[in-house]
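Just below is one structure, and these are the notes that go with it.
The values are calculated or read from the model by the stated rules, or taken from the named source; none is laboratory data. Just so you know, these numbers come straight off a predicted model, no measurement behind them. Ideal geometry is used to build each Cβ from the backbone, glycine not excepted, and the neighbour counts take in all protein chains shown. For the accessible areas, the whole protein counts, side chains as well, though only heavy atoms, and no ligand, DNA or RNA atoms are used. Shrake-Rupley method; radii C 1.70, N 1.55, O 1.52, S 1.80 Å.
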Amino acid sequence: MAEIWGVQVFRNKQKEYILDHWNAIETQPATTLTSLFEENPDRVAQFSHEQSGIYFDFSKTHLEKGLLENFLKLAEDKGLADQIEALMTGVAINISEERAAEHTAERGIGAETSVENARLLKNRMQGLVQAIEAGVLGDIEHIIHLGIGGSALGPELLLEALKIGDEKYETAAISNIDGSALEPVLERFDAHKTLLVVASKSFTTAETFLNARSVIEWMTEQGVSDPFGKIIALTAMPEKAVEWGIDESRILPFSETVGGRYSLWSSIGFSVALTLGMEVFDDLLAGAAEMDQHFKDTSFDQNIPVIAAFCDQYYSQVRNCETRAVFAYDERLKLLPDYLQQLEMESNGKSVMADGKPLDRHSSPIVWGGVGTDAQHAVFQLLHQGTHLVPVEFLAVIEPGHLLAEEHHHGLLLNCFAQGAALMTGKKSDDPNRNYPGDRPSVTLLLDDLDGKTLGALIAFYEHRTFANAVLLGINPYDQFGVELGKEMTNALLADDGNQMDPSTEILKNRAFPA
């Protein structure tokens with residue numbers, strides 16, 4: 001028997017089977033997108049799916065029946081079904097750190113004890129939200145949420161996407177230790193009416209605590225008598241928060257098996273629940289749970305995150321695409337590309353497989369993007385006529401997020417749809433400067449509305465897509481040791497213990513901090 005991540009998945013000739021499937025995928029004759037549509041009048045229906053208020057259109061990709069069949073065989077021999085089961089039942093699939101990855105338990109799907117623990121912790125969070133709304137911590141108008149990575153990216157994305165403009169609290173999520181990020185917030189907020197939320201899984205994150213100390217100093221200077229009485233801690237290490245001086249009643253724990261970039265569903269989402277309301281947060285969890293159920297129960301030929309992963313692997317491995325571009329045709333989703341950069345590149349940016357052997361394929365593509373229609377006047381030149389083949393992902397929302405004239409939203413959506421059509425069909429011209437080659441792939445995600453439930457499903461889709469890609473590559477998406485080296489080098493520079501770095505770094509340091 002062969003093992004992947006400690007789970008026995010299939011019997012003999014594991015490597016040979018997988019190589020055969022990859023070989024079949026890589027030698028599949030290439031057909032243009034326009035030809036695929038001409039050959040199959042039902043293509044849109046066959047390669048489009050709906051789930052949780054989102055329409056996923058994969059028809060403008062090169063995925064077709066033969067490729068799909070070979071990817072399905074690859075997924076079977078990679079043990080994807082068993083890995084999904086392991087993920088959602090609390091098996092320790094993060095083998096390098098010897099623990100489970102239980103973000104789905106926060107949404108109600110997982111090991112029974114983990115689901116119950118998540119429910120109890122959410123109730124505790126709800127109780128604190130209600131206490132603050134009742135004035136237990138005084139008159140609060142402003143919230144400063146401090147974190148970095150998943151502790152900030154997730155909450156900031158949700159706050160930006162779901163705010164409607166009449167929230168009781170003004171909330172600022174700060175991650176950068178550049179004082180230029182924090183200072184304008186301190187100048188704008190009233191220290192006596194500010195709640196400080198410190199989000200750190202380990203409760204040791206250097207950048208977060210430098211910012212926290214600055215906020216506490218500001219509160220003290222402004223005459224707040226007990227700054228620590230206005231601090232909420234969100235952490236998987238509550239004992240460290242107690243040591244730091246925060247009362248246990250204002251500490252909201254979450255499980256150590258919930259990774260940082262998957263933590264917005266846990267108490268890390270406290271600032272979202274407080275600012276937007278527990279109902280919105282509950283909707284977020286419900287939407288994600290629907291996508292969890294779809295990922296868990298749906299056959300792979302109809303499984304949306306799995307099909308997306310097949311597309312990712314085709315363009316990465318067969319077409320050698322090093323990047324994937326994500327463009328949100330909705331200002332409310334402008335932070336989504338940033339969020340996906342961490343989710344996908346921190347998870348799957350690996351050079352070894354889960355068993356420690358070198359990865360002999362491309363790992364995660366570089367994820368980048370922006371907001372339509374701004375991007376059309378910047379990067380789309382390269383997408384249409386450049387030498388790089390870049391798979392593009394479009395996101396749009398049918399219901400507008402504003403009350404201005406309908407021409408705004410109508411034009412926005414048509415621009416989105418037109419770009420996908422233009423990338424695919426191109427336009428031939430005898431003038432090489434005006435020739436558009438076309439045959440450039442895109443996927444479109446069209447949301448009925450942008451609310452808590454739909455956004456929850458959307459984010460869970462990206463999580464499961466990332467996991468499916470990891471399984472197809474045989475890598476562990478739940479560790480991130482590549483983040484540590486930079487931290488170690490920073491600490492070495494801060495220590496200034498006489499040890500020399502490389503000449504370039506030493507010169508830079510001396511120029512910035514002359515003796």
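Ignoring lysines fewer than eight residues from LYS240 along the same chain, the ones with Cα atoms less than 25 angstrom from its Cα are LYS122, LYS201, LYS230, LYS487. Only protein heavy atoms count here; under a 1.4 Å probe, TYR436 has an accessible surface of about 90 Å². Each peptide in 498-511, 234-247 gets a packing score, the mean of other Cβ atoms within 10 Å over its residues, and the list from highest to lowest is 234-247, 498-511. Computed over the range 270-337, the convex hull of the alpha-carbon atoms projects to a mean area of 6.6 nm². If R0 is 25 Å, the Cβ-Cβ spacing of GLU399 and ASP301 corresponds to a FRET efficiency of close to 0.25.
Ordered by solvent-accessible area of protein heavy atoms (1.4 Å probe), largest first, the residues THR204, THR373 come out as THR204, THR373.
Looking at the range 282-418 alone, DSSP beta bridges between its own residues are antiparallel in about 10 percent of cases. Placing dummy labels 7 Å off each Cα toward the beta-carbon, the span from ASP449 to GLN126 is 2.2 nm. Once the C-beta distance of LYS168 and ALA495 is scaled by a Förster radius of 56 Å, the resulting FRET efficiency is 0.80 to the nearest 0.05. Ligands, DNA and RNA left out, the 1.4 Å accessible surface of the range 383-515 is 57% carbon and sulfur atoms.
SER96 contributes about 60 Å² of solvent-accessible surface, heavy atoms of the protein only, 1.4 Å probe.
Divide, for the range 197-305, the radius of gyration over alpha carbons by 2.2 N^0.38 Å, where N is the residue count.
Working: Rg = 17.6 Å, N = 109, 2.2 N^0.38 = 13.1 Å.
After normalising by residue count via 2.2 N^0.38 Å, the value is 1.35.
The Cα-based radius of gyration of the range 338-461, divided by its Kirkwood radius, gives an Rg/Rh of 1.04. The H on the amide N of VAL367, modeled in the peptide plane, is under 5 Å from the matching H of ARG324, each at least 5 residues off or on a different chain. Across every pair of non-identical alpha carbons in the chain, the mean reciprocal distance, once inverted, gives a Kirkwood radius of 24.6 Å. Here the simple spin-label model places points 7 Å from the Cα toward Cβ, and for ALA24 and PHE209 these points are separated by 5.4 nm. An ellipsoid equivalent to the range 429-515, defined through the eigenvalues of its Cα gyration tensor, has semi-axes of 44, 27, 16 Å when rounded to whole angstrom and sorted largest first. Once both labels are positioned 7 Å from their Cα atoms along Cα-to-Cβ, the gap between LEU389 and ASN320 label points is 1.0 nm.
How large is the translational diffusion coefficient of the range 411-461 in µm² per second when you combine the Kirkwood radius over alpha carbon pairs with Stokes-Einstein at 37 °C and 0.692 mPa s? This corresponds to a translational diffusion coefficient of 247 µm²/s.
Distance from the alpha carbon centroid of the range 283-310 to that of the range 421-470 works out to 18 angstrom. As a calculated quantity, the FRET efficiency between ASN433 and TYR55 at R0 = 45 Å, using C-beta atoms, amounts to about 0.80.
For the full complex of protein chains and a 1.4 angstrom probe, list LEU494, LEU403, LEU485 by accessible area with the highest value first.
Details: LEU494 135, LEU403 180, LEU485 105 Å².
Heavy-atom accessible area, descending, gives LEU403, LEU494, LEU485.
Note on the chain: helix-only mean residue ellipticity at 222 nm, from DSSP H runs of 4+ residues weighted -39500 (n - 2.57) and normalised by residue number, equals -13500 deg cm²/dmol.
Over the range 239-386, what portion of Cα pair distances is larger than 22 Å, expressed as a whole percent?
Numbers: 6529 of 10878 pairs.
In whole percent, the long-distance tail amounts to 60.
Working from the Cα coordinates of the range 40-172, the gyration tensor eigenvalues give, after taking √(5λ), semi-axes of 39, 24, 14 Å in decreasing order.
Between the range 133-204 and the range 336-391, how far is it from one alpha carbon centroid to the other, in angstrom? With the range 133-204 and the range 336-391 each reduced to a Cα centre, they are spaced 29 Å. So what is the diffusion coefficient of the range 127-169 in µm² per second by Stokes-Einstein at 25 °C and 0.890 mPa s, using a Kirkwood Rh over Cα pairs? Value of D from the Cα-based Kirkwood radius: 205 µm²/s.
Given a 1.4 Å probe and heavy atoms of the protein chains only, how would you sort SER151, SER202, largest accessible area at the top? Provide the component values of the computation, followed by the final result.
Numbers: SER151 10, SER202 45 Å².
My answer, sorted largest first, is SER202, SER151.
In the chain, what percentage of the DSSP-assigned beta bridges are antiparallel, given to the nearest 5? Once the DSSP bridges in the chain are tallied, antiparallel ones form about 30 percent. Which whole-number percent is the relative contact order of the chain (Cα, under 8 Å, 6+ apart)? Contact order relative to length: 19 percent. Taking every protein chain into account, the accessible area of the chain amounts to 45 square angstrom per residue (probe 1.4 Å).
When the Kirkwood hydrodynamic radius is evaluated over all pairs of different C-alpha atoms of the range 126-238, what value in angstrom, to one decimal, is obtained?
Working: mean 1/r = 0.0695 Å⁻¹.
When all Cα pairs of the range 126-238 are included, the Kirkwood radius is 14.4 Å.
Can you give me the Kirkwood hydrodynamic radius for the range 310-385, using every pair of distinct Cα atoms, in Å to one decimal? List each step's numbers first, then the result.
Details: mean 1/r = 0.0725 Å⁻¹.
Hydrodynamic radius (Kirkwood, Cα only) of the range 310-385 equals 13.8 Å.
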